[in-house]
Amino acid sequence: MSERASRFGPSAGTRVEDAALLCGRGQFADDLGCKPGTLHAAILRSSHAHARLRGVDVSAAERAVGVRAVLTADDVTRWSRPLLAALRVPVLQPVLAKDAVHYVGEPLAVVLAENRYLAEDALEAIRVEYEPLPPVLDIAQALTLDGPRAHADLAQNIVSDRSYCYGDPDAALAAASHRVRLQIAYPRNTATPLECGVVVAEHFPDGNGGHGAYEVMSNFTGPMSLHAVMAMALQVPESHLRLRFPRDVGGSFGTKQSLFSAIVLLCLAARKAGAPVKWVEDRREHMTAATSATARRSHIEAAVQDDGRIAALSFDQIDDVGAYLRAPEPATFYRMHGCLTGAYAIQHLRVRNRVVLTNKTPTGLVRGFGGPQVYFALERLVQRIAVQLGLDPLDVYRRNFIAKDAFPYRAAAGALIDSGDYAATLAVALQAADITALRDRQRQARSEGRLYGIGFAAVVEPSISNMGYVTAALTAEQRAHAGPKQGALAAATVQIDPLGGITVGIDSMPAGQGHRTVCAQRVAAVFGLAPGDIVVNSELDTQKDAWSIAAGNYSCRFAGAVAGAVQIAAQRLRDRVAQHCADLLGCAPQDVVFAAGSLHARGQPEHILPLARVLSGPHWAPALSTEAGPPPLRETVFFTPETLHAPSSDDRVNASATYGFVFDLCALEIDRTTGRVYIDRYVTAHDAGRLLHPALADGQVRGGFAQALGAALSEELRYDGQGRFASQTLSDYLLPTCLDVPAPIIVHTQTPSPFTPLGAKGIGEGNSMSTPVCIANAVADALSSLPQSEHCQDLRLPLTPATVLALVAGGQGQAATGTVAVQTGKIR
Amino acid sequence: MKPAPFEYVRIDHPDELSALLTEHGPEAAVLAGGQSLMPILNLRLRRPRVLLDLSRCRALHDLTPTSGGLQIGAAVTQATVLSWPRLAHQVPLLALALPHVGNPQIRSRGTLCGSLAHAHPQAELPLCLAALDGEIVLRSQRGERRIAAADFFIAAQKTACRPDEYIAQAHIPCQSIDEGSAFLEVAVRVTGQAQVACAAIAGPHRLRLAVLAGQATPQVHDYPLLPEADLRDQLDIIARSLALSCASADDDAYRRQLVVSLGLNALKQAQRARDRRAAVDAQIMEHRR
Amino acid sequence: MKRWKQSELVPVQVELNGVQRRGLCEPRVLLSDFLRDTLGATGTHVGCETGECGACTIRVDGVAQRSCLTLAVQADGRCIETVEGLAQADGSLCELQHALRERFALQCGFCIPGILMTCAEMLKRRPLPEDEQIPGLLAGHLCRCTGYTDLLAAVRHTVAEVRRREAAHPASAPSVGVHDA
């Protein structure tokens, strides 16, 4: 048995997270025990998209078996304020609807009962009287002057309308030899982690002017700027809202940001019940009411020279953020604002951003946040430029890329793009794809009447968000009035225990990415230990650990910022240890060598001190080392990239600290019988700076690719004509299975970021931005061999078989509806 | 998503089931494999007062070959049917269709009769039963009745099964040795719910096509051996006449279009299978001689 | 016939990973909830409660199935295997778990318990599945983190190892790549 056991021990580089997860010893939020007497919550949700509430009668529910309390809108009004928004808007979101409901799934009441079964029973005893109002269901309808309003008392559905101008786009457009335009839409979809939300809340009534204090355990994953929003809603100082996080989170991809409103709701429920309460979001609640990627309609136009060079871009974008402008929206726009010109050297840019409210679920963070929407327009436009000018799209890319010697490159709208060699990354992608062979295959397929296409996408992938970027939605005067917001703090603590063990604390709230593995490797290397010797704790506690508003799991801040902070903290602590033990070794502090669990002076490896003994020393005899400074037992570092400033007075904003690059290539065939898209080859080339752990980086790419494939081909949060939600279960919202996802070919180039401690950048969101549009470009290319291909340029996601077959029919000059004789193609 | 409360009865003998159905009628639900019923209970789309679990009722677990076909008891899982060694030989259509049902873990629990009872308009097994001229044995305290598939499926999720009856068995006739079969399905996702499925059977003198495209009940069409162009005309007629109410006009159009192309392909595949089978038989005869 | 009233607390006894365990629950309680909340076996995860995601897959009398689509009362007297029973007696990983770790086949790990139980059933099949059959056997499991590539590689590797060993030592007892409870 022992031989077998050693055979199955971990190899170097494997994840410290895995053994527990593989043995069912994960510690996910719903796996953690509760206090005795904890009640279970079920939330009554609106069945209407838009209705006036004539009455919500909970009296029968209060009397139901096992029910201890029912939280109503009156309680919420008495004990809390609505959730603050990032902009001044006419309607703020209450955590329970009071006079009217504004989307299907909006919470109306919370039942607290002895178990979830009983709580759900009592939900059915609540009588709600709705007076239906006309709903606003899409962007076009939201813009009509005489159409319905998402809230009855709104003067208009537009809650933000800002225009920006950089350079002289009007002159460039007027002078252009070609103007290429596109009108395009991005749908509502979501990242759908397998684990839903969990909140356990308790209220401690004493003190604080009657509001007491709250303690919460949740798999909320930040950004922790929302902690302030929660505390203000609960009318307590932030110190009186203690949040704790579980060790394991079953995926977030941004979406668990949306739990902050549920945290406020469950805090109030705990207050009402006078007992701890637990809520486990079920799949129907998650699909219906958690969050969504922001739907967008874009008009994009480019001024193009004969050789394909783009002189200017114009964006007119409208975002559907759902029924409330929930923080951090309208961040979907402004995360990407500084780098709207993508991978291209374009200095003239015009932008108009409008935000509308609709009667749909409020939107928020979904992997790629803002990127999928921008690139679906921009990269479709680049494909159209090539088609319209009769150019090879690869030449359009090469002619427009930011040159490799131009980095750090200041983009028109303010992004300081740190590093890259885009042409080199493109070359690596083409080589991996064997583009010549693919184009031969395409010619062959077309000669046989088959629909084979090759598409590309080039994407600049921002990571490490500037906490001030959303203020670009304000005017310069409003920003001046509010005071500057900028930066992206990352916090890390390295500490030593009394037997010399090392524990690391981080503020990145991992949800499967392997942060603990990477941190253990970094710290182990600094101290000359093995990764297994280091314990990394990611269970942030807002009352005990180092954190800031930037803490959380989003914008791929880990590799660039958090791992960097860990590295700095470990090095500082090591240097302080070296100060303290240099005398013992008879050398200068900088000559103390940490290796193989011991210390020695450089050049004297025979004279060693055991590391654990040296590290633990100050615990047992702190007075011995006071001359060399305070005992080296703990080091906390807050790191922020120096390049993140508040938006300038001329509205330029560097919204992220680093900018990776992705170049994708997709070759696919459309089955002419079924409309199904078959991916023949997919290559994704990434430059994410220095890769800290290549296998984990590839895992991020594969996972991002699979999610993006779903967004491209099957996933959409759908509503019917009355605003009823039609994607309530995973049989309606179709996530790809292993039969649907091909293995992408992944290649890397590495140009380290000059702005992060380890030269690393984020890599987890690029494919969410590049893959949907790359597939769409390939579909467009496949359709281009049809006689009337101009009729099938309006590509809408998801490209389901029905959508694609309608495009094929359009390209053949047939009506898209009604029965048509279909040429029988080759079915694989 | 937790079921509403119900009384639970573990049935040991079929007579108990009949008696309880007589007693509770529409307020009872029969639980076999639960792979269709349990999601509905979890979503509280149904709230039976009594749940009658027949999954441990030995008498309903029989998969019995009869002279003319296969008799499948109410508690027989789809996996059991699929693993019956002679399935591909005796009912090739079912052997082709069953792998499209759910996924392996669902088929391990889901029963064939349960899927028929549920009568989901997008389910493969009702389509197959219709294509194969299968029959259903409905049992109650009043006795047993045998009902043809064509009369059993009345509307979407509505069957001829009365409140005091349960499906005791399904009878699936063996396919003739000179028939070829094909089953083709298109879904948004490979393992998703079918948008269109076509079951085709080609005999020496006739063709049969059963179609599922979102209409309420399976439709079966018989043709003589027609040239492809004529078949296409026939399929166009089916496609136009389908009563659909999909989420979008595009989706409706797609299904009509697919009925034609998928139906044609299924018929062609079935004829090729028939011809292959005949060729193999001829070889065997030759060999014996 | 056994009959339980709707709010009655029913005694349910199962053999969970080789150990007899008992608990009380209402007839409507899902087996997934019974395992997690009553027996404390939280390794089995709940992702959808409609049978789509596969996270809650366990083995009942050896057969991989959804615990969210089964009532606890239906499992009475059955032999249940969950992810907690897969590791070897000394706590070290079994061959399959090891292969997943070595190939970085999991990220958040929430879907993994169900996938492992389907694989455990797969590895006991004879004949073992061919490489091209494996995706079909795993298509009832949703993973949102990994894109499946490394997972499929790890499972194929384990199946191949078992096949190779059995070919080399046909007489020996079947080696299954998972620990037998």
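Here are the numbers:
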{"read-out": "Single residue of region B:41-54 satisfying the filter (under 23 Å from the mean Cα position of the chain (by Cα) and facing chain C (nearest Cβ under 9 Å)) that is surrounded by the fewest Cβ atoms within 10 Å (Cβ to Cβ)", "value": "B:ASP53"}
{"read-out": "Within region A:2-103, helices (runs of 4 or more DSSP H) holding 3 or more residues that are more than 34 Å from the chain's Cα centre (by Cα)", "value": "A:2-7, A:59-62"}
{"read-out": "Every residue from region A:265-287 that is within 14 Å of another protein chain (Cβ to nearest Cβ) and in contact with a Leu (Cβ under 9 Å, 6 or more places away or on another chain)", "value": "A:LYS278, A:TRP279, A:GLU281, A:ARG283, A:ARG284, A:MET287"}
{"read-out": "Residue among A:ALA565, A:ALA551, A:ALA582, A:ALA569 that alone is closer than 30 Å to A:ARG702 by Cα, touching a strand residue (DSSP E or B) at 6+ places or on another chain (Cβ under 7 Å) and not in a loop (DSSP other than H, G, I, E, B)", "value": "A:ALA565"}
{"read-out": "Output for region A:743-772, where each listed residue is assigned to a loop (DSSP other than H, G, I, E, B), within 14 Å of another protein chain (Cβ to nearest Cβ) and either modelled with pLDDT under 95 or surrounded by fewer than 20 Cβ atoms within 10 Å (Cβ to Cβ) (or both)", "value": "A:ALA743"}
{"read-out": "Positions within region B:30-55 being out of contact with any helix residue (DSSP H, G or I) (no Cβ under 6 Å at 6 or more places or on another chain) and β-branched (Val, Ile, Thr), in sequence order", "value": "B:VAL30, B:ILE40"}
{"read-out": "Residue among B:ARG44, B:ARG107 that is part of a loop (DSSP other than H, G, I, E, B) and either in the same structural domain as B:THR22 (by TED's automatic domain parsing) or touching a residue at least 24 places away in the same chain (Cβ under 8 Å) (or both)", "value": "B:ARG44"}
{"read-out": "Scope region C:95-125; condition part of a loop (DSSP other than H, G, I, E, B) and facing another protein chain (nearest Cβ under 7 Å); matching residues", "value": "C:PHE104, C:LEU106, C:GLN107, C:CYS108, C:GLY109, C:PHE110, C:CYS111"}
{"read-out": "Residue list for region A:129-150, restricted to those being closer than 30 Å to A:VAL70 by Cα, surrounded by fewer than 19 Cβ atoms within 10 Å (Cβ to Cβ) and not hydroxyl-bearing (Ser, Thr, Tyr)", "value": "A:GLU129, A:GLU131, A:PRO132, A:PRO134"}
{"read-out": "Scope region A:289-338; condition of a type in the set (Val, Ile, Thr) and surrounded by 23 or more Cβ atoms within 10 Å (Cβ to Cβ); matching residues", "value": "A:THR291, A:THR294, A:VAL304, A:ILE310, A:VAL321, A:THR332"}
{"read-out": "Count of region B:7-38 residues which are among the charged types (D, E, K, R) and part of a strand (DSSP E or B)", "value": "2"}
{"read-out": "Single residue of A:THR684, A:THR636 found to be touching a residue at least 40 places away in the same chain (Cβ under 8 Å), over 30 Å from A:ILE502 (Cβ atoms) and outside any loop (DSSP other than H, G, I, E, B)", "value": "A:THR684"}
{"read-out": "Strands (runs of 3 or more DSSP E) contained in region B:146-239 and holding at least 2 residues closer than 30 Å to B:LEU51 by Cβ", "value": "B:153-155, B:166-173"}
{"read-out": "Residue among A:GLU606, A:GLU627 that alone is over 29 Å from A:VAL562 (Cα atoms), free of Cβ contacts under 8 Å to residues at least 24 places away in the same chain and not in a helix (DSSP H, G or I)", "value": "A:GLU606"}
{"read-out": "Matching residues, region C:126-142, being crowded, with 19+ Cβ neighbours inside 10 Å and either away from chain B (no Cβ under 14 Å) or of a type in the set (S, T, N, Q) (or both)", "value": "C:LEU128"}
{"read-out": "Residue check for A:GLY813: modelled with pLDDT of 50 or more, at positive phi and in a loop (DSSP other than H, G, I, E, B)", "value": "yes"}
{"read-out": "Matching residues in region C:14-61 - criterion: being under 26 Å from C:CYS145 (Cβ atoms), basic (Lys, Arg) and within 11 Å of chain A (Cβ to nearest Cβ)", "value": "C:ARG36"}
{"read-out": "Where C:ILE80 falls short, out of the listed (1) assigned to a strand (DSSP E or B); (2) at the interface with chain A (Cβ under 7 Å from one of its Cβ atoms)", "value": "(2)"}
{"read-out": "Residues being under 17 Å from B:PRO121 (Cβ atoms) and not in a loop (DSSP other than H, G, I, E, B) - total across region B:240-257", "value": "6"}
{"read-out": "Odd one out for A:ARG181 among (1) of a type outside the set (S, T, N, Q); (2) surrounded by 22 or more Cβ atoms within 10 Å (Cβ to Cβ); (3) more than 25 Å from A:LEU71 (Cβ to Cβ)", "value": "(2)"}
{"read-out": "Single match in A:ARG690, A:ARG681, A:ARG718, A:ARG702 (criterion: within 28 Å of A:HIS286 (Cβ to Cβ), more than 9 Å from chain C (Cβ to nearest Cβ) and either in contact with a helix residue (DSSP H, G or I) (Cβ under 8 Å, 6 or more places away or on another chain) or surrounded by fewer than 24 Cβ atoms within 10 Å (Cβ to Cβ) (or both))", "value": "A:ARG718"}
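Rundown of residues vs (1) surrounded by fewer than 23 Cβ atoms within 10 Å (Cβ to Cβ); (2) touching a helix residue (DSSP H, G or I) at 6+ places or on another chain (Cβ under 6 Å); (3) touching a residue at least 60 places away in the same chain (Cβ under 8 Å), yes/no style:
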| position | (1), (2), (3) |
| --- | --- |
| A:SER218 | no, yes, yes |
| A:SER239 | yes, no, yes |
| A:GLN257 | no, no, yes |
| A:ALA270 | no, no, yes |
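The values are calculated or read from the model by the stated rules, or taken from the named source; none is laboratory data. Just so it is clear, the model here is predicted, and its values are computed rather than measured. Note that each Cβ is placed from the backbone with ideal geometry, even for glycine, and that neighbours are counted across all protein chains shown.
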